[in-house]
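Report on the structure given below.
The values are calculated or read from the model by the stated rules, or taken from the named source; none is laboratory data. Here the structure is a predicted model, which is why all the values come from computation and not from measurement. Neighbour counts run over all protein chains shown; Cβ positions are idealised from the backbone, glycine included. Quick note on the areas: whole protein, heavy atoms, side chains included, nothing else; ligands and nucleic acids left out. Shrake-Rupley method; radii C 1.70, N 1.55, O 1.52, S 1.80 Å.
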Amino acid sequence: MKRIQSIDFVRGLVMIIMALDHVRDLIHVPSLTQSPTNLATTSPALFFTRWITYLCAPTFVFLAGTSVYLSMKNKEISKTKSFLLKRGLWLIVLEFVVVNFALYFDIGYHNLIFEVIATIGFGFIILSLLLKTSWKLIAALGLLIIFLHNLSPFLPLGDSPVLKQVIMAFFGPAGFPIGNRVFVVAYPPIPWLGIMLVGFAAGKLFERAQEKRQRLLAIIGTFALFLFVIIRYVNVYGDSVPWSYKTSSLYTFLSFMNVTKYPPSLVFCLVTLGIMFLMLAIAERVKGMLLQVVSVYGKVPLFYFLLHFFVIHIIMIVIMVFQGFTWEQMDFTSGNFGRPKGLPSGLPLTQIYFLWIAIVALLYFPCKWYGTYKAKHKNWWLKYI
């Protein structure tokens with residue numbers, strides 16, 4: 001598959017931004033006790049530090065679908081189906097075995113969390129079953145999910161509370177206690193599947209000439225943002241949390257932008273994917289050093305994703321040691337990532353930004369090495385990382 005620079009660039013850009021969220025989540029002083037989107041306690045700086053990272057997961061999932069479409073050229077559908085099935089299962093296993101450990105450093109796996117890697121794996125499995133249908137039908141199904149999944153609470157599921165809990169876990173966040181462990185669905189697979197299916201169908205756009213493609217990407221992005229403003233302003237449908245007027249125009253704006261990611265609401269999808277389409281349009285014209293540097297991360301997204309969690313978590317532990325905490329005080333089993341429970345720890349927001357930049361810079365060289373190695377070698381396992 002010939003690489004498309006705008007895809008590598010935008011994917012690389014959101015991977016860089018993603019690291020900011022994870023550095024903040026693991027190391028910021030109040031991250032364990034204060035939600036950055038709680039308007040009663042947050043600050044504008046903290047709110048937007050979190051909000052900008054909303055772009056990452058939908059872009060990552062969307063472009064995963066697009067990459068599947070582009071990789072199908074000159075390949076038998078049966079081979080693509082087989083690969084997607086295997087890769088989907090592999091990603092789900094990878095989520096629970098490697099990503100969960102990188103996130104919590106808990107060898108007992110007391111918190112099993114179904115997040116973005118597993119939901120991409122689920123999406124690949126479902127997409128593999130749809131490959132023989134037309135891209136138009138796949139696009140329609142994806143759009144239906146995006147626009148209608150907010151109605152899932154009204155599904156007639158009968159009187160069985162267990163059945164309701166299991167089925168609704170496909171549409172919204174859920175938790176299932178298993179002895180002294182808990183299984184958490186943070187990324188419910190159905191809403192994210194809708195984003196992947198639309199991303200797959202959007203692969204048709206990248207078959208067009210660059211100038212026409214750029215214009216279409218810009219038009220779609222602008223239209224999505226227009227729909228976001230209209231639907232969000234009406235305040236009737238599209239998000240489980242309506243916006244409201246606050247004591248200042250700034251906080252009213254924050255309320256308007258405070259869309260729901262878990263699960264990704266309709267307006268969340270419209271604003272994040274709208275911005276993504278505009279980024280893709282702009283990226284069609286990006287050249288030079290900026291393109292080369294950012295694309296290094298975008299060419300090896302899974303390698304970067306796995307590596308950056310381990311690096312951030314190790315740095316977090318080093319910071320805890322320098323702040324005077326002992327290994328016995330570090331809490332790895334309750335979801336605190338190892339942060340001492342009930343004790344103040346971590347870094348202020350300004351230092352979080354400096355640390356984020358340093359970590360991204362540190363990851364540049366291993367990502368560049370792996371990207372070069374992957375391009376020069378054809379080992380079967382390289383397709384899975």
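Just to verify a number: FRET efficiency for Q329 and Y364, C-beta to C-beta distance, R0 = 22 Å, to 0.05? Walk me through the numbers on the way to the answer.
Numbers: r = 34 Å, r/R0 = 1.53.
It comes out at approximately 0.05.
Given a 1.4 Å probe, how much area per residue of the chain is accessible, in Å²?
Per residue, the chain has an accessible area of 47 Å².
Mind running the shape call on the chain? Use the C-alpha gyration tensor, a ≥ b ≥ c as the square roots of the eigenvalues: rounded below 1.5 for a/c, prolate if a/b tops b/c, oblate otherwise.
Values: a/c = 1.30, a/b = 1.17, b/c = 1.12.
Rounded shape, in that the Cα axes give a/c under 1.5.
Determine the distance separating the Cα centre of the range 1-28 from the Cα centre of the range 272-287; give it in Å without decimals.
14
Mind ranking 223-232, 46-55 by how tightly packed they are, going by the mean number of other C-beta atoms within 10 angstrom, highest first? Mind showing how you got there, number by number?
Details: 223-232: 17.0, 46-55: 19.0.
Sorting 223-232, 46-55 by mean packing, highest first, produces 46-55, 223-232.
By Kyte-Doolittle mean hydropathy of at least 1.6 and Cα axial length of at least 20 Å, which whole DSSP H helices of the chain are selected?
Details: long enough: 5-27 (33 Å, 1.00); 56-71 (22 Å, 1.34); 77-94 (25 Å, 0.84); 210-234 (36 Å, 0.93); 266-283 (25 Å, 2.82); 301-322 (31 Å, 2.50); 349-376 (40 Å, 0.74).
Going by DSSP H runs, the hits are 266-283, 301-322.
Around L112, what is the net charge, scoring Lys/Arg as +1 and Asp/Glu as -1 over all other residues with Cβ under 15 Å from its Cβ?
On the way: positive: R181; negative: E95, D106, E115.
Result for the neighbourhood of L112: -2.
Can you compute 3J(HN,Hα) from phi for each residue in the range 323-338, using the Karplus curve 6.51 cos²θ - 1.76 cosθ + 1.60 with θ = phi - 60°, rounded to whole Hz and x for Gly and Pro?
8, x, 8, 8, 4, 5, 7, 7, 10, 9, 9, 9, x, 8, 6, x
For the range 49-200, report the translational diffusion coefficient in µm²/s to the nearest whole number, using Stokes-Einstein at 25 °C, 0.890 mPa s, and a Kirkwood Rh over Cα pairs. Walk me through the numbers on the way to the answer.
Values: Rh = 16.6 Å.
Here the translational diffusion coefficient equals 148 µm²/s.
Ranking request for peptides 136-148, 307-319: highest mean number of other beta-carbon atoms within 10 Å first, then the rest in descending order. Before the final figure, lay out each step's value.
Numbers: 136-148: 16.5, 307-319: 18.1.
Put in order of decreasing packing, that is 307-319, 136-148.
Please give the FRET efficiency for A45 paired with W135, using the beta carbon to beta carbon distance and R0 = 45 Å, rounded to the nearest 0.05. Walk me through the intermediate numbers first.
Numbers: r = 42 Å, r/R0 = 0.93.
Computed FRET efficiency for A45 and W135: 0.60.
Charges at C-beta only: +1 for Lys and Arg, -1 for Asp and Glu. How large is the resulting dipole of the chain about its Cα centre, in Debye rounded to 20?
On the way: 33 positive and 14 negative charges, 332 e Å.
Charge dipole of the chain: 1600 debye, to the nearest 20.
Taking the Cβ of Q329 as the center, what net charge do the other residues with Cβ under 12 Å away carry, scoring Lys and Arg +1 and Asp and Glu -1? Walk me through the numbers on the way to the answer.
On the way: positive: R339, K341; negative: E328, D331.
Neighbourhood net charge equals 0.
Roughly to the nearest percent, how much of the accessible area of the range 255-345 is carbon and sulfur, given a 1.4 Å probe?
Working: 2540 of 3550 Å².
Summing carbon and sulfur atoms, their accessible area is 72 percent of the total for the range 255-345.
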